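Engineer: What follows is a single structure, and I will ask about it in a moment.
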Amino acid sequence: MPVLHGQTYRQAQDEFKRLDIPATLVTATALHKDVTLPQDHDGWYICGASPQPGTAVTATTGVVLDLAERTADCETSFHGYLHQKNDPAYTPPQTTAPQPKPAYTPQPKPTYVPAPALTKTATKPAGSAMITCSDGKAGYACTSNGHPVVDGQFCPKADRGRTLKATNGTMVTCSYDPSVTPYRWQ
């Protein structure tokens, strides 16, 4: 008996002719119980054979070839079945039933209550009186780092673009003057 594993049924028939083994001695079967061997199975692969390779085949020896459609199927078996779901011994894993969604409970619609009317309080205009900055010095306005705004003084980065009232009573803006390198109140 030749080694036939992995060959197609057609290749096995050619090998049997070469060895003068009559086709009447050869029976082809599906390897798996849940697969039906088609009439034309010449392209199917041999997964097993009986008798074992190396055994002498006589005129009375029956040769049985187990076939699968793909070579990968030769290594797959669930108690003789290709598909596990077809195996009578297979018990699918138990899954828990999905929990029902909670019943919809409508929420009451919010009621609209108008806000009380805003009342205007008289306030002094900004910069109309001197204040004490966090550094303890007086000024009409304070810089971001707590000093009074002084015309011509350097201004912090955080105040760039701000316009405030300086201690001399003029309105100044923290801006850049190309003639003076850092930003200043000007």
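Engineer: Please work out which option in (i) 42; (ii) 67; (iii) 34 gives percent of Cα pairs over 26 Å apart calculated from these coordinates, and answer with its label.
Structural biologist: (ii)
Engineer: Tell me what the chain gives for mean residue ellipticity at 222 nm when only DSSP H runs of n ≥ 4 count, each as -39,500 (n - 2.57), the sum divided by the residue total, rounded to 500 deg cm²/dmol.
Structural biologist: -1500 deg cm²/dmol
Engineer: Only Cα pairs under 8 Å and at least 6 apart count here; give the relative contact order of the chain as a rounded whole percent.
Structural biologist: That works out to 13 percent.
Engineer: Could you tell me the distance between the Cα centroids of region 125-186 and region 25-98, to the nearest Å?
Structural biologist: One Cα centre to the other: 93 Å.
Engineer: Over the chain, with the other protein chains present, what is the accessible area per residue in square angstrom, probe 1.4 angstrom? Provide the component values of the computation, followed by the final result.
Structural biologist: Numbers: 13440 Å² over 186 residues.
For the chain, the solvent-accessible area averages 72 Å² per residue.
Engineer: Take the solvent-accessible surface of the protein heavy atoms, probe 1.4 Å, and return the percent of it on the chain that carbon and sulfur atoms account for. If you can, show how the numbers build up before the last one.
Structural biologist: Working: 7450 of 13440 Å².
Carbon with sulfur: 55 percent of the solvent-accessible area.
Engineer: Got a number for the accessible area of K33? Probe 1.4 Å, square angstrom, nearest 10.
Structural biologist: 140 Å²
Engineer: Provide the gained length on full extension for the span Y104 to A59, in nm with one decimal, where the gain is 0.36 nm per separating residue minus the Cα-Cα distance.
Structural biologist: Using 0.36 nm per residue and subtracting the Cα-Cα distance, I get 8.2 nm.
Engineer: Note down the magnitude of the dipole of the chain about its Cα centre, charges +1 on Lys and Arg C-beta and -1 on Asp and Glu C-beta and zero elsewhere, to the nearest 20 debye.
Structural biologist: For this selection, approximately 2100 debye.
Engineer: Return the long-range amide H neighbours of T143 (sequence gap of 5 or more, or a different chain), with a cut-off of under 5 Å between placed amide H atoms.
Structural biologist: Distant-sequence amide H within range of T143: V149.
Engineer: Could you tell me which Cys residues in the chain have no other cysteine's Cβ under 4.7 Å from their own Cβ, answering none if every one has a partner?
Structural biologist: none
Engineer: Say each of A117 and S50 gets a label point 7 Å from the Cα, pointing the same way as Cα to Cβ; how far apart are those two points in nm?
Structural biologist: 10.4 nm
Engineer: Tell me the label-point distance for the pair T163, T91, using the 7 Å Cα-to-Cβ offset, in nm and rounded to one decimal.
Structural biologist: The answer from the label model is 8.6 nm.
Engineer: Let me ask something additional. So how exposed is H147, as accessible area in Å² (1.4 Å probe, rounded to 10)?
Structural biologist: Its heavy atoms expose roughly 80 Å² to the probe.
Engineer: Compute the angle between helix 9-18 and the longest alpha-carbon principal axis of the chain, please, reported from 0 to 90 degrees and rounded to the nearest 10.
Structural biologist: The answer is roughly 30 degrees.
Engineer: Determine how large the accessible area of L37 is when every protein chain is in place; take a 1.4 Å probe and give Å² rounded to the nearest 10.
Structural biologist: L37 exposes around 40 Å² with every protein chain in place.
The values are calculated or read from the model by the stated rules, or taken from the named source; none is laboratory data. What you see is a predicted model, and the numbers here were worked out from it, not measured in a lab. Every residue, glycine as well, gets a Cβ built from its backbone with ideal geometry; the counts of neighbours run over all protein chains shown. Protein only, heavy atoms only, side chains kept; ligands, DNA and RNA dropped before computing areas. Shrake-Rupley method; radii C 1.70, N 1.55, O 1.52, S 1.80 Å.
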